[in-house]
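The values are calculated or read from the model by the stated rules, or taken from the named source; none is laboratory data. None of these values were measured; they are calculated from a predicted model. Backbone-built Cβ (ideal geometry, glycine too); neighbour counts: all protein chains shown. To get the accessible areas, we keep the full protein, side chains included, count just its heavy atoms, and leave off ligands, DNA and RNA. Shrake-Rupley method; radii C 1.70, N 1.55, O 1.52, S 1.80 Å.
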Amino acid sequence: MLRFWTAGESHGHALVAILDGFPSGLPISITEIDAELVRRQGGYGRGGRQRLEQDKVEILSGLWRGQTIGSPIALVVRNRDYKIERMEDLDRPRPGHADLSGAMKYLAPIRAVLERASARETAVRVAAGALAKQLLAPFGVTAFAHVAEVGPIRITPKSGSLAEQRALRDASLLYTLNPDQDDEVKTLIDQCQKAGDTLGGVVEIRVEGVPFGLGSHTQWDKKLDGRLAQAVMSVQAIKGVEVGLGFEAARRRGSEVHDPIRYDPAQASTHTLGYVRPTNHAGGIEGGMSNAQPIVIRAAMKPISTLARPLESINLKTKQPEPAAYERSDVCAVSAASVILENVVALEIARAMVDKFGGDSLAEMQARWTLFHRMAAER
């Protein structure tokens, strides 16, 4: 079982992740992890914090001569903006944040809650997901995310191969699949910034090369779509998740929703074992298990809760109405969310891969992968 935990506060010394159960024998590229951390800090509409931080990962354990050794891996992303001990508490909770609920739950200062609730925590989750991607790569499994909507603007994606779409996304300031729409979205973000407001959006994540049988139908907590939905919803500001057609499936008849099954002997040697679909409305998951089609997930991100023009709140000391407190914030962080979600989903897929194929070593997983596909092909 591959498990992970994170620790750390927004303005504390560092963010930390510990991954336990990571297979041995995998060469690790720190450069690839750092590249994802850089992407997370990018995107039009980010705030001043991104100019202060220069995120890089440190791996403190679990490696020997650049390879994993099967023991827990400790990842650290240090905060340059460490100042938690000098920061004052807030007495006016911000609508949309964990401020009020957390202060009530823990009988604690708001500062004690917001420092951990902050999306800054996702820096180390991106590092963990980037590590997981390196475990998926030898099996031909890839995760890819892009921004599909910003506020009311829907992006018209340009088609192409995965490599071509990756190039399009990386050429876009908003991490979309249509850089030609960047100016339109930038104008909207600028308008919101002038108005002291914020914007959300929709991110689409796609995982290709996924084999049959990740997840299980046998128990509620083993279902892959349930596990992925929980992972996606755990990211700060995510308020909705769809798999495949999602809510659109409820508006159609069954004949317009379910994906016919065909057999193509030319693809028998691939991870699909020759079983192909003319559509992928299920989003790659049926009965809580992967069906060898691409996994497609969409996540809805609400606008950032901290507003430069604050909403009405209450002073916890006087109980009198006052504007909410303001902390430095982004105007639009949907681009960053796409990087976070890509890596969060990759980590969950890696966990399911370890569950299915065993995880003491990469060599063992590869042998079991080969054996499984040979046995499944002979059914």
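Does Leu174 meet the test of being modelled with pLDDT of 95 or more, assigned to a loop (DSSP other than H, G, I, E, B) and surrounded by 21 or more Cβ atoms within 10 Å (Cβ to Cβ)? For Leu174, the condition - modelled with pLDDT of 95 or more, assigned to a loop (DSSP other than H, G, I, E, B) and surrounded by 21 or more Cβ atoms within 10 Å (Cβ to Cβ) - is met.
Restricting attention to region 84-99, the residues that are surrounded by fewer than 18 Cβ atoms within 10 Å (Cβ to Cβ), on the phi < 0 side of the Ramachandran plot and within 27 Å of the chain's Cα centre (by Cα) add up to 2. Counting just the residues of region 122-171 that are touching a Phe, Trp or Tyr at 6+ places or on another chain (Cβ under 7 Å) and among the basic types (Lys, Arg), which one comes out surrounded by the most Cβ atoms within 10 Å (Cβ to Cβ)? Only one residue fits best here, namely Arg169.
Taking Glu342 as the residue in question, decide whether it is under 21 Å from the mean Cα position of the chain (by Cα), open to solvent by less than 30 Å² (accessible area, probe 1.4 Å), over 30 Å from Ile189 (Cα atoms) and of a type in the set (Asp, Glu). So Glu342 does not fit the description; no. Taking the stated definitions as given, is Arg46 assigned to a helix (DSSP H, G or I) and within 22 Å of Leu341 (Cα to Cα)? Here the answer is no, as Arg46 does not meet what is asked. Any residue that is crowded, with 21+ Cβ neighbours inside 10 Å, of a type outside the set (S, T, N, Q), touching a residue at least 60 places away in the same chain (Cβ under 8 Å) and assigned to a loop (DSSP other than H, G, I, E, B) - is there at least one of those in region 62-71? No, region 62-71 contains no residue that is crowded, with 21+ Cβ neighbours inside 10 Å, of a type outside the set (S, T, N, Q), touching a residue at least 60 places away in the same chain (Cβ under 8 Å) and assigned to a loop (DSSP other than H, G, I, E, B). Residues of region 294-310 that are of a type in the set (S, T, N, Q) and open to solvent by less than 20 Å² (accessible area, probe 1.4 Å): Thr306 alone. Within the bounds of region 247-256, is there any residue that is open to solvent by less than 50 Å² (accessible area, probe 1.4 Å) and either part of a loop (DSSP other than H, G, I, E, B) or closer than 22 Å to Gly209 by Cβ (or both)? The answer is no, given that none of the residues of region 247-256 is open to solvent by less than 50 Å² (accessible area, probe 1.4 Å) and either part of a loop (DSSP other than H, G, I, E, B) or closer than 22 Å to Gly209 by Cβ (or both). Pairing each residue of region 187-205 that is over 16 Å from Tyr175 (Cα atoms) with any residue that is aromatic (Phe, Trp, Tyr) and surrounded by fewer than 21 Cβ atoms within 10 Å (Cβ to Cβ), provided the two are 6+ apart or on different chains, yields no C-beta distance under 7 Å. None of Ser290, Ser335, Ser313 is modelled with pLDDT of 95 or more, closer than 21 Å to Asp99 by Cα and open to solvent by less than 60 Å² (accessible area, probe 1.4 Å) except Ser313.
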